[in-house]
1. Taking Cα atoms, how many degrees apart are the long axis of helix 8-31 and the longest axis of the chain, rounded to 10 and kept between 0 and 90?
2. Explain nothing, just compute: Karplus ³J(HN,Hα) = 6.51 cos²θ - 1.76 cosθ + 1.60, θ = phi - 60°, for every residue of the stretch 35-50 in order, whole Hz, x for Gly and Pro.
3. Quick one: 32, 142, fewest Cβ neighbours within 10 Å first, how do they rank?
4. For the chain, calculate the relative contact order in percent as a whole number, restricting contacts to Cα pairs under 8 Å that are 6 or more residues apart.
5. So I have (1) 15.0, 48; (2) 18.6, 62; (3) 17.9, 67, and one of them is Rg and Dmax of the Cα atoms in Å calculated from this model. Which one is it?
6. With only Lys, Arg, Asp and Glu charged, each at its Cβ (+1 for the first two, -1 for the last two), find how big the charge dipole of the chain is about the Cα centre; round to the nearest 20 debye.
7. Between residue 89 and residue 143, what FRET efficiency comes out of the Förster formula 1/(1 + (r/R0)^6) with R0 = 30 Å and r the beta carbon distance, rounded to 0.05?
8. Given 117, 130, 56, which one lies farthest toward the positive end of the charge dipole of the chain, if we put +1 on the Cβ of every Lys and Arg and -1 on the Cβ of every Asp and Glu?
Amino acid sequence: MFESEIPLTEMAIRLLAATGLALVLGLEREIRGKAAGLRSHMLVSLGASAFVITGLHILFATAEGDPSARIDPTRIVEGVIGGIGFLGAGSIIQSRGNIQGITTGASIWMAGAIGVACGIGNIALAGMVTVMALIIMVVLGRFEREVINGNDH
């Protein structure tokens, strides 16, 4: 049987929180018809959370043994962030001097941050980040479209 310092129910809560919170950001992108939508955001957050939980498991498992076998969990977070940055960059397109997809790229990056926060068990932080990101994407997005871009016409 699998042994871990993090009980299975706690792991499930962390993974479900990562998936559910990212669903909110992905839904906003999905409604806007963006390529990276619901599933992409949920998978990024779930994966980030799983990598962090795995890193914590390795850290706990090696804590009692040889100190040279210990890992630095921040290195796992660095790897996750780098991989997600690569995904986000892939969503940015330049066409005829127009750049598109920057907000989607940033929201994918935020989904990763949400997953990392859930993975370490800080669901309150993940929730606050989700709410703030959604406000930025929806409220400021509307303001940008109506007020700022509306002045160009």
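Laboratory data are not the source of any read-out in this text; all were calculated from the coordinates shown. Worth saying up front: this structure is predicted, and the values here are computed from it rather than measured. Cβ placement follows ideal geometry from the backbone for every residue including glycine, while neighbour counts extend to all protein chains displayed.
1. On a 0 to 90 degree scale, this one is about 10.
2. For the stretch 35-50, the Karplus-derived couplings read 5, 8, x, 4, 5, 4, 5, 5, 5, 4, 5, 4, x, 4, 5, 4 Hz, x marking Gly and Pro.
3. Listed from fewest to most nearby Cβ atoms, that is 142, 32.
4. Normalised by residue count, the contact order of the chain is 29 percent.
5. Calculated Rg and Dmax of the Cα atoms in Å: the matching label is (3).
6. It works out to roughly 600 debye.
7. So, using R0 = 30 Å, E works out to roughly 0.70.
8. Checked the options; the winner is 130.
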